[in-house]
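Nothing in this text is a laboratory measurement; each read-out follows from the coordinates by a stated rule. All values reported here derive from a predicted model rather than from experimental measurement. A quick note on method: Cβ atoms are made from the backbone with ideal geometry, for glycine too, and the neighbour counts reach across all protein chains shown.
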Amino acid sequence: MSDQKSSLVAPTPADAVASAAATSANGASGDDYTAPPPYLVSGVPASFPPNTVYDPLIPIEAYVDAAYPRRSGILFSKVPSGPLKPAYLAANADGSKTFFYCITVGLKVGIVTDASIASEYTNGVSSAFKKKCHSHSAALQYFNEDLANGKVHIGKYRKSSRDRLVWCVIV
């Protein structure tokens with residue numbers, strides 16, 4: 001290709017088609033064409049870890065490793081002292097879309113990708129709040145805005161009438 005691309009940006013499917021067309025225009029047979037690796041076709045940079053969720057709205061330099069204390073993907077039993085940063089989160093094994101759940105009021109707060117974990121820390125909590133987001137960047141933005149506005153806090157478990165032990169005397 002004549003135009004230069006950044007080393008962080010992978011070729012798009014259109015680039016792969018253009019490359020195949022150029023190969024056939026140069027007289028090479030169709031048997032010589034090798035399909036690009038899947039990570040290039042999907043637009044995920046080659047430097048991005050495999051089997052993780054890629055969000056093109058978050059620069060690769062912004063991601064932090066698992067040792068960073070305030071990152072997405074973990075839950076906090078105390079309100080974080082500063083904004084969360086993006087972390088590499090595992091993609092769904094079956095290839096289905098990964099959703100992000102922001103817990104801003106619950107027994108623990110943070111951003112997770114498992115709905116059952118989000119429900120576990122919000123069910124039974126007074127004024128609990130969780131939000132389902134379709135992208136990692138949207139989840140981070142929502143959580144960090146609520147954190148900056150003082151809307152993130154640890155809730156208290158409230159007992160429902162089903163949790164009370166009822167004593168019955170049978171005569």
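Some observations on this one:
- Neighbourhood charge, 11 Å Cβ-Cβ cut-off, centred on Ala118 and excluding it, Lys, Arg +1 and Asp, Glu -1: +2
- Highest average first, the peptides 56-62, 112-118, 70-76 ordered by how many other beta carbon atoms sit within 10 Å of their residues are 70-76, 112-118, 56-62.
- Radius 14 Å from Cβ of Lys132, net charge of other residues (Lys, Arg +1; Asp, Glu -1): +2
- Across Lys85/Lys156; Lys78/Lys151; Lys97/Lys156, pairs whose alpha-carbon gap is larger than 20 Å: Lys85/Lys156; Lys97/Lys156
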